[in-house]
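Structure, as structure tokens:
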Amino acid sequence: MPDLHHTYSNPSQHEAISALIRRHSTHLTDVRQATLEPLDFSDEQEILDLGCGFGFLAEEVARRSPPGTRIVGLDACQSNQRTYMHRVNARDCYAEFHQAQLHDRLPFHDHQFDKVMSSYSLYFFPKIIADVSRVLKPKGTFWCLTHSENSFAGIFRATGIDPNGTTLAKLLCEFSTENGENLLSSHFERVERSIYRNVLIFYRHDLADFLEYLRFKLPLIDSRFKHDAALPPNLVEKSMAFLDRYGRITIEKDDSAFYCRRPR
Ligand SMILES: C[S@@+](CC[C@H](N)C(=O)[O-])C[C@H]1O[C@@H](n2cnc3c(N)ncnc32)[C@H](O)[C@@H]1O
């Protein structure tokens with residue numbers, strides 16, 4: 001597994017990558033706006049955000065929720081706490097943060113939450129799904145957002161890295177567009193999916209952004225690459241040559257949101 005404590009331990013760097021993704025997306029609506037729309041946040045609720053990171057999702061959930069809504073974030077990296085608390089509290093919701101390394105058990109009571117949510121995190125701890133159905137209220141909803149197993153192929157085309165057997169490929173197969181419904185339907189009676197179609201495009205003048213994105217992703221692609229290390233010169237050269245030849249790098253980034261109801 002990748003060294004998460006490094007990859008996700010710097011909230012401002014993670015925020016910058018999140019903004020970079022939005023700048024280069026062909027889908028013009030933010031993924032949170034597009035996929036949270038079917039959910040009802042009109043009542044004050046208790047909401048759990050698994051693998052909450054710096055609060056990318058929780059901030060939007062707080063924006064949609066009435067003041068006083070309690071949004072509990074849980075993440076392996078303690079360093080996310082301050083940014084997470086700030087983003088939620090700024091919206092007049094009540095933020096709580098727990099540091100924990102999730103595996104298959106959640107440190108919460110039965111039927112505690114109205115909603116459990118997880119954006120781009122569940123592939124790190126897919127065995128938690130069974131326990132999510134325990135902590136949800138019977139009328140609660142589990143919402144999760146994940147990638148397709150075909151995501152990011154453009155990174156491999158541009159850099160010449162062999163995609164087979166990478167840490168990233170294994171990670172995506174843990175919980176994906178392709179297997180998500182199957183994994184969820186053992187624990188929820190109703191599972192619906194909506195696809196958010198997206199491609200990231202980097203033109204020649206976007207080389208610096210592409211390299212920044214590559215540097216962030218590299219330790220997830222292959223754990224031999226160290227977080228914050230300089231990019232290997234051969235990858236920089238290959239990326240430049242690819243841009244010179246084709247004029248742009250396109251990266252597949254279709255995501256799926258799952259809406260799970262009636263916990264079994
Ligand atoms: C790709 S980030 C997504 C963060 C946030 N949900 C978002 O959408 O920006 C994955 C997050 O999951 C957290 N994470 C990974 N494995 C974990 C585990 N076993 N237990 C708890 N958190 C974990 C990481 O620390 C990181 O913040």
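Values in this text are rule-based calculations from the coordinates and carry no lab data. Since the model is a prediction, treat every value here as computed from it, not as a measurement. FYI the Cβ positions are ideal-geometry reconstructions off the backbone, even for glycines, and counts take in every protein chain you see.
Taking the square roots of 5 times each eigenvalue of the Cα gyration tensor of the stretch 4-263, largest first, gives ellipsoid semi-axes of 32, 19, 17 Å.
Please state the shape class of the stretch 2-95: rounded when a/c is under 1.5, otherwise prolate if a/b exceeds b/c and oblate if not, all from the C-alpha gyration tensor. Before the final figure, lay out the partial values.
Working: a/c = 2.10, a/b = 1.19, b/c = 1.76.
Note, shape of the stretch 2-95 comes out oblate.
State, as an integer percentage, the relative contact order of the chain based on alpha-carbon contacts under 8 Å between residues 6 or more apart. It rounds to 22 percent for the chain.
Computed 3J(HN,Hα) for the stretch 106-121, one whole-Hz value per residue from the Karplus formula 6.51 cos²θ - 1.76 cosθ + 1.60 where θ = phi - 60°, is 9, x, 9, 6, 4, 6, 7, 10, 7, 9, 10, 9, 7, 10, 6, 9, glycine and proline marked x.
Compute the signed sum of charges (Lys and Arg +1, Asp and Glu -1) over the other residues within less than 12 Å, Cβ to Cβ, of residue 83.
Values: positive: 82, 87; negative: 15, 59, 75.
Net charge in that neighbourhood comes out at -1.
Counting 0.36 nm for each residue step from residue 162 to residue 262 and taking away their Cα separation leaves a gain of 31.8 nm.
Rounded to the nearest Hz, the phi-derived 3J(HN,Hα) couplings of the stretch 33-38 under the Karplus curve 6.51 cos²θ - 1.76 cosθ + 1.60 (θ = phi - 60°) are 4, 5, 9, 8, 3, x, where x marks glycine and proline. Cross-link pairs exceeding 23 Å between alpha carbons, from the set 170/226; 115/170; 217/253; 139/170; 137/253: 115/170; 139/170; 137/253. With neighbours defined as other Cβ atoms within 10 Å of a residue's Cβ, the residues 52, 260, 77 order from fewest to most as 77, 260, 52.
Less than 5 angstrom separates the built amide H of residue 48 from those of 72, 115, 116, 117, all sequence-distant by 5 or more or on a different chain.
With 10 angstrom as the radius, rank 120, 8 by how many other C-beta atoms surround their C-beta, starting from the fewest. The partial results should precede the final answer.
Working: 120 17, 8 23.
So the ranking, lowest neighbour count to highest, is 120, 8.
Per-residue extension of 0.36 nm, minus the Cα-Cα distance of residue 189 and residue 27, leaves a gain of 55.2 nm for this segment. Once the convex hull of all Cα atoms in the stretch 116-264 is built, its volume per residue stands at 110 Å³.
Could you line up 110, 131 from fewest to most neighbouring Cβ atoms inside 10 Å?
Details: 110 8, 131 19.
Lowest to highest Cβ neighbour count: 110, 131.
Take 21-30, 201-210 and order them by the average number of nearby Cβ atoms within 10 Å per residue, most first; the result is 201-210, 21-30. Between the stretch 224-264 and the stretch 45-88, the C-alpha centres lie 26 angstrom from each other.
For residue 99 and residue 19, a Förster radius of 30 Å and the Cβ-Cβ distance give a FRET efficiency of 0.75, rounded to the nearest 0.05.
Charging the Cβ of each Asp and Glu at -1 and of each Lys and Arg at +1, and nothing else, the dipole of the chain about its Cα centre rounds to 180 debye.
Placing R0 at 22 angstrom, the Cβ-Cβ distance between residue 79 and residue 134 gives a FRET efficiency of 0.15 after rounding to 0.05.
Would you compute, from DSSP H runs of 4+ residues alone, the mean residue ellipticity of the chain at 222 nm, taking -39500 (n - 2.57) per run and dividing by the full residue count, rounded to the nearest 500?
The helix contribution divided over the chain gives -10500 deg cm²/dmol.
Where both bridge residues fall in the chain, DSSP classifies roughly 50% of the beta bridges as antiparallel. In sequence order, the stretch 173-180 has phi-based couplings of 6, 5, 7, 9, 3, 6, 10, x Hz under the Karplus curve 6.51 cos²θ - 1.76 cosθ + 1.60, θ = phi - 60°, and Gly or Pro positions carry x. Placing unit charges on the Cβ atoms of the charged side chains and taking the dipole of the chain about its Cα centre, the candidate lying farthest along the positive direction among 89, 41, 126 is 126. Using only the Cα atoms of the stretch 142-201, build the gyration tensor, take square roots of its eigenvalues as a ≥ b ≥ c, and label the shape rounded, prolate or oblate: rounded if a/c is under 1.5, else prolate if a/b is larger than b/c, else oblate. Oblate. Summing +1 for each Lys or Arg and -1 for each Asp or Glu among the other residues whose beta-carbon sits under 12 angstrom from that of residue 232 gives +2.
Counted residue by residue at 0.36 nm each, then reduced by the alpha carbon distance between them, the extension gain from residue 6 to residue 205 reaches 68.7 nm.
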